[in-house]
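The values are calculated or read from the model by the stated rules, or taken from the named source; none is laboratory data. Everything numeric here is computed off the predicted structure, so don't read it as measured data. Neighbour counts are summed over all protein chains in view; Cβ atoms, including those assigned to glycine, are modelled from backbone coordinates with ideal geometry.
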Amino acid sequence: MDDDLIPLDPGFGERFERQFRPACQLYVVSPPAIELPRFVDSLKAALDGGPVAAFQLRLKDVPDADDILRACEALLPVCNAHDVAFILNDRADLAKAAGADGVHLGQGDGSIAEARALLGRNAQIGRTCHDSRHLAMEAGEQGADYVAFGAFYDTTTKPSHYRPAPEILSWWITISQLPCVAIGGIFPDNAAPLVEAGADFIAVVRAVWDHADGPGAGVAAFADVLGW
């Protein structure tokens, strides 16, 4: 009887998984430096530009915790008003103090278990996994809510020698229900292969903040590739 079965198309698993996952969404990351209160208006403009699922405040060059908390205090209400998740980069302790929706952890930013214990079960905890399938599986086992792969393209925002192929996204969605984020040099004109490969989110920086017509237009420019 088994000899009469028709073998599955090798791509069937990927297409099956994508069919039952939500459409790819936009994940906006802050520029490396911001100026308050001006950036409050920039964020409002960006979130008015189209559907944004999450905003990450990433101020890696700001050593003063009080400055980061002041930025959170100014920007968190904007995200709340737009029903956008507010994620803080690196610091679970500051995410807790600020009342953020979650934290994004690099490989050197502490354990997922410790962040979960501090922030609670409802917090969104992401982990940078570069181009590593092993790190992604490890993050999933440790209780991350999403994994991030990249940089997929050249980037000046956060230079990286890692260059995963889009296929890592296709692989991930066939083995895990956890969302995957694609990041690194993503613009409207190069995002399609990542969306087609299965990214649940595309994380963008300069495409929004450096857009010639402002951050709202930067977000709106992804309408075609994300099918809004």
**Message:** Every residue in the stretch 58-103 that is at pLDDT below 95 and in contact with a helix residue (DSSP H, G or I) (Cβ under 7 Å, 6 or more places away or on another chain), please.
**Reply:** V62
**Message:** Need the failing condition index for D83 against (1) in contact with a Gly (Cβ under 7 Å, 6 or more places away or on another chain); (2) among the charged types (D, E, K, R); (3) surrounded by fewer than 16 Cβ atoms within 10 Å (Cβ to Cβ); (4) at positive phi, just the number.
**Reply:** (1)
**Asked** If you scan the stretch 198-226, which residues turn out to be touching a Lys or Arg at 6+ places or on another chain (Cβ under 9 Å) and under 22 Å from S176 (Cα atoms)?
**Response** G198, D200
**Asked** In the stretch 72-109, how many residues are in contact with a strand residue (DSSP E or B) (Cβ under 6 Å, 6 or more places away or on another chain), within 15 Å of S30 (Cα to Cα) and in a helix (DSSP H, G or I)?
**Response** 2
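Within the stretch 186-228, track down each residue that is more than 19 Å from S170 (Cβ to Cβ) and crowded, with 22+ Cβ neighbours inside 10 Å.
First, pick out the residues of the stretch 186-228 that are more than 19 Å from S170 (Cβ to Cβ): 187-189, 204-224, 228.
Listed by number, the residues that qualify are V204, V205, A207, V208, P215, G218, V219, F222.
Let me confirm something: among Q124, Q142, Q107, which residue is under 21 Å from F55 (Cα atoms), touching a Ser or Thr at 6+ places or on another chain (Cβ under 8 Å) and surrounded by fewer than 22 Cβ atoms within 10 Å (Cβ to Cβ)?
Numbers: Q124 fails: touching a Ser or Thr at 6+ places or on another chain (Cβ under 8 Å); Q142 fails: under 21 Å from F55 (Cα atoms).
None of the other options fit; the residue is Q107.
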**Message:** What pairs come out if I take residues in the stretch 47-70 that are under 15 Å from I183 (Cα atoms) and pair them with residues that are of a type in the set (D, E) and surrounded by 13 or more Cβ atoms within 10 Å (Cβ to Cβ) whose C-beta lies under 9 Å away, six or more apart or interchain?
**Reply:** A54/D101; R58/D90
**Complete:** The number of residues in the stretch 29-81 that are β-branched (V, I, T) and within 23 Å of D200 (Cβ to Cβ) is 2
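Residues checked against (1) touching a helix residue (DSSP H, G or I) at 6+ places or on another chain (Cβ under 8 Å); (2) modelled with pLDDT under 95; (3) farther than 26 Å from L169 by Cβ:
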| site | (1), (2), (3) |
| --- | --- |
| E114 | yes, no, yes |
| H130 | no, no, no |
| F152 | yes, no, no |
| K158 | no, yes, no |
**Item:** Qualifying position, being among the β-branched types (V, I, T), touching a residue at least 24 places away in the same chain (Cβ under 8 Å) and farther than 17 Å from N89 by Cβ, among V205, V195
**Value:** V195
